[in-house]
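Structure record follows, encoded as structure tokens.
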Amino acid sequence: MQSLPADAGRHVLLTVVEAIRTNAAYLSELDGATGDGDHGINMNKGFTSFEAKIGDQPIGLSEGLNSLGDTLLTEIGGAMGPLYGTLFITMGSACAGQSHINAEQFAHMLESALDEVQFLGEASAGDKTLLDALIPAVAAYKQALTDGKDFAEALS
């Protein structure tokens, strides 16, 4: 895969919604090791609310990421809402106006989101935050591109 059509937002984001729904209990279990154990519940609540908002309407990737981010930002409490909301809104803004998202554009989306989450949360790697997953994920994606992997392989 060389690029993703920007109008594939509905398919992409509903796939993410389903992944959150399927893994909600596991996410809460992980959160229970260092937190209050409600992360999966809150993630599922926010992503399910986004799914209900878009209904059967077609939605582009930028618009969908912005809508998902806004939903998380306004409807989910704690640190999760603002952090994940900012992440998705930033990714949506970074791909606005694009007809296709290629591997390099997606790297830009990830880097922009990482920068905003770091700025907002004033945290760094090792602080037991979202950044402990996001920083290595962005680095692994960029390394895969450097190693000559195509878009789909880099996403894996």
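The values are calculated or read from the model by the stated rules, or taken from the named source; none is laboratory data. Just so we're clear, the structure is a prediction, and the values are computed from it rather than from any experiment. Cβ sites come from the backbone with ideal geometry, for glycine too, and all protein chains shown count toward neighbours. Side chains are part of the model used for accessible areas, which takes the heavy atoms of the whole protein and leaves out ligands, DNA and RNA. Shrake-Rupley method; radii C 1.70, N 1.55, O 1.52, S 1.80 Å.
Within the stretch 36-59, residues that are touching a residue at least 12 places away in the same chain (Cβ under 8 Å) have Cβ atoms under 6 Å from residues that are of a type outside the set (Ser, Thr, Tyr) and outside any helix (DSSP H, G or I) in these pairs: Asn42/Ile76; Gly46/Ile76, counting only partners at least 6 apart in sequence or on another chain.
Which residues, taken from the stretch 95-129, are of a type in the set (Val, Ile, Thr) and open to solvent by 60 Å² or more (accessible area, probe 1.4 Å)? Answer for the stretch 95-129, where residues must be of a type in the set (Val, Ile, Thr) and open to solvent by 60 Å² or more (accessible area, probe 1.4 Å): there is none.
Just name the residue that is modelled with the lowest pLDDT out of those in the stretch 6-55 that are touching a His at 6+ places or on another chain (Cβ under 6 Å) and of a type outside the set (A, V, I, L, M). If we take residues in the stretch 6-55 being touching a His at 6+ places or on another chain (Cβ under 6 Å) and of a type outside the set (A, V, I, L, M), then Asp31 is modelled with the lowest pLDDT. Which of the residues belonging to the stretch 97-150 are in contact with an Asp or Glu (Cβ under 9 Å, 6 or more places away or on another chain), of a type outside the set (Lys, Arg) and assigned to a helix (DSSP H, G or I)? Passing the criteria: Ala103, Gly121, Val138, Ala144, Leu145.
Every condition in (1) buried (at least 19 other Cβ atoms within 10 Å of the Cβ); (2) of a type outside the set (Val, Ile, Thr); (3) within 25 Å of Lys45 (Cα to Cα) is met by Asp132 except one, and the failing one is (1).
Could you check, for the stretch 73-87, whether at least one of its residues is over 24 Å from Phe119 (Cα atoms) and either of a type in the set (Gly, Ala, Ser) or touching a residue at least 24 places away in the same chain (Cβ under 8 Å) (or both)? Checked the stretch 73-87: no residue is over 24 Å from Phe119 (Cα atoms) and either of a type in the set (Gly, Ala, Ser) or touching a residue at least 24 places away in the same chain (Cβ under 8 Å) (or both).
The C-beta contact set for the stretch 6-35 (first residue open to solvent by 50 Å² or more (accessible area, probe 1.4 Å), second residue of a type in the set (Val, Ile, Thr), distance under 8 angstrom, 6+ apart or interchain) comprises Arg10/Ile54; Arg10/Ile59; Arg21/Thr48. Note on the stretch 36-47: residues that are among the polar types (S, T, N, Q) and open to solvent by 50 Å² or more (accessible area, probe 1.4 Å) amount to 0. Evaluate the stretch 56-66: report whether one residue or more is surrounded by fewer than 22 Cβ atoms within 10 Å (Cβ to Cβ), at pLDDT below 95 and either assigned to a helix (DSSP H, G or I) or charged (D, E, K, R) (or both). Checked against the condition, which is being surrounded by fewer than 22 Cβ atoms within 10 Å (Cβ to Cβ), at pLDDT below 95 and either assigned to a helix (DSSP H, G or I) or charged (D, E, K, R) (or both), the stretch 56-66 yields at least one hit. In the condition set (1) within 14 Å of Lys142 (Cβ to Cβ); (2) over 14 Å from the mean Cα position of the chain (by Cα), Ser99 is compliant with all but (1).
When Ala123, Ala113 are screened for being within 18 Å of Ile20 (Cβ to Cβ), among the small types (Gly, Ala, Ser) and touching a helix residue (DSSP H, G or I) at 6+ places or on another chain (Cβ under 8 Å), only Ala113 passes. Between Ala139, Ala144, Ala152, Ala123, the distinction of being within 16 Å of the chain's Cα centre (by Cα) and of a type outside the set (Ser, Thr, Tyr) belongs to Ala139 only. Taking the listed residues Gly85, Gly77, Gly81, the one that is open to solvent by 20 Å² or more (accessible area, probe 1.4 Å), closer than 22 Å to Gly40 by Cα and of a type outside the set (Phe, Trp, Tyr) is Gly77, with no other qualifying.
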